[in-house]
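Asker: After the structure tokens below, expect a handful of questions from me.
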Amino acid sequence: MKKYLYLFGGIMISLIILEILLRLLGLFKTYSEINFNTYQSPYSADHASYLYLAKPNDTMTVNQVEFEYTYYSNPLGLYEDEDMEACDSLNKIIFLGDSFVFGVGAPQDSNLVAHLEKKLDIPIVNAGFPGSDPFFQSKLIDSIFGKRDCQQFIFMVNFSDLYDYVFRGGFERFKTNKKLEYRTEPKIEKFYKHSFLIRAIMHGILKYDFSLLPPSSASVLKKESVIAYNELFKQLNEKYNIIVLIQPYPRQFDENSEILSEVLNYSYLEQLHELLKQSDIPTINLNQGLSEHLNETNYLNYSWKLDGHFNAKGYSLLADIIANELTLNYPEFVNADTDE
């Protein structure tokens, strides 16, 4: 009996030591733990309503390990200088997206939209917000931009939007009381949150991604997200002039990223791009343009290593690529007369 007790005790001590080592080495930390020193569940609804906006005339400081910037919102709750009464000649294009459109990783005057506005020499409204996704953005159109006669919208979609669908679902997240309800988190998350050893087993051995779902289940939902976004953009394209940009992450160009290999599986976004083209929705795949400039040896010149967002130089490069694509392929969009 003592032999088994010693064996059990030895195993437990070994597991505890391994847990401590994994924590000390910082392996398998989540994005929020790396950048904000706290665990945040992606399945937790962190907004009080279906409008993904800031408070009017507010400030937000993004204070992370690698940078700190303060951003200012206008009376509509957009991180945009101008308060827009209507989409007239002063506010022609609305640019919708998540933190990459918002500009995390750069000063407010050096974000993607600010660079693009200068390169195209046309007014563009920054309607990006960290954590947003196309379903939330469609609600912004219904609640704010549609009422202001806005007709031209650019959407930028990336990997996180696929996972946002996995975590949140589609329109079913919006309840009748204007509250949100996301998908139920996997039961394993209760243990995953507190144990780095469990994370090592899930990611390193079982090949789970950060959805914490079995790989086959996560893949099914990501494929479902591609179809759902295509249907959403088809609906929007019937009412408005839209262009969808398919955006890779800078760290996609790091070929040594093994743990994130499935997270950065660009094939899902390629599928979305093909579906959008089949649906006659104007779309641009930014992967080709970025791949001509970024590789595993230089991508950190354009982005932050821990945070993963572009820096000001990266947003300027991305704006160059978008401006060139829009001018060549959709000149009528960027030169449209809003009075017509």
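Asker: Taking just the alpha carbons, could you work out the radius of gyration and Dmax for the range 180-299, both in angstroms?
Answerer: 17.2, 50
Asker: Moving on. Could you give the length gained on full extension between Ser49 and Asp142, defined as 0.36 nm per residue of separation minus the Cα-Cα distance, in nm? Kindly include the intermediate steps, with their values, before the conclusion.
Answerer: Details: separation 93, 0.36 × 93 = 33.48 nm, distance 1.41 nm.
Taking Ser49 through Asp142 to full extension adds about 32.1 nm, to one decimal.
Asker: The list (i) 43, 21, 16; (ii) 31, 22, 18; (iii) 38, 21, 20 gives values of semi-axes √(5λ) of the Cα gyration tensor in Å, and only one came from this structure; which label was calculated from it?
Answerer: Calculated semi-axes √(5λ) of the Cα gyration tensor in Å: the matching label is (iii).
Asker: Kindly provide the helix-only [θ] at 222 nm of the chain, computed as the sum of -39,500 (n - 2.57) over DSSP H runs of four or more divided by all residues, to the nearest 500 deg cm²/dmol?
Answerer: Calculated mean residue ellipticity at 222 nm is -11500 deg cm²/dmol.
Asker: Between Leu25 and Lys234, what is the label-point separation in nm under the 7 Å Cα-to-beta-carbon projection?
Answerer: Simple spin-label model gives 4.8 nm for this pair.
Asker: How large are Rg and Dmax for the range 53-179 when only the alpha carbon atoms are used, in Å?
Answerer: 14.6, 43
Asker: Among DSSP beta bridges whose residues both lie in the chain, state the antiparallel percentage, nearest 5. If you can, show how the numbers build up before the last one.
Answerer: On the way: 7 of 25 bridges.
The answer is about 30 percent antiparallel.
Asker: Using only the Cα atoms, what convex hull volume per residue in Å³ does the range 18-123 have? Intermediate values should be presented prior to the final figure.
Answerer: Numbers: hull volume 13.7 nm³, N = 106.
So the per-residue Cα hull volume is 129 Å³.
Asker: Something else now. Suppose every Lys and Arg Cβ carries +1 and every Asp and Glu Cβ carries -1, with no other charges. What dipole size does the chain come out with about its Cα centre, to the nearest 20 debye?
Answerer: Dipole about the Cα centre, nearest 20: 2020 debye.
Asker: To continue, here is another question. Set the Förster distance to 56 Å, then compute FRET efficiency between Ile205 and Asp149 from the Cβ-Cβ distance, nearest 0.05.
Answerer: 0.55
Asker: Give me the net charge of Val62's neighbourhood, meaning all other residues with Cβ under 10 Å from the Cβ of Val62; Lys, Arg count +1, Asp, Glu -1.
Answerer: -2
Asker: Would you calculate the convex hull of the Cα atoms in the range 278-324 and tell me its volume per residue in Å³?
Answerer: 100 Å³
Asker: At a 10 angstrom cut-off on C-beta neighbours, averaged per residue, how do the peptides 301-311, 227-237, 51-61 rank from highest to lowest? Spell out each step's value before the answer.
Answerer: Numbers: 301-311: 19.5, 227-237: 17.5, 51-61: 14.3.
Per-residue Cβ counts within 10 Å, averaged per peptide and sorted highest first, yield 301-311, 227-237, 51-61.
Asker: Turning to a different aspect of this structure: Starting from the 7 Å offset along Cα-to-Cβ, what nm value, one decimal, do you get for the label separation of Asn298 and Ser279?
Answerer: Modelled inter-label distance: 3.6 nm.
The numbers here are math on the coordinates, done by the rules we state, and not lab data. Only a predicted model underlies this, so the values are computations on that prediction, with no experimental measurement involved. For neighbour counting, all protein chains shown are included, and Cβ atoms are generated from backbone atoms with ideal geometry for every residue, glycine included.
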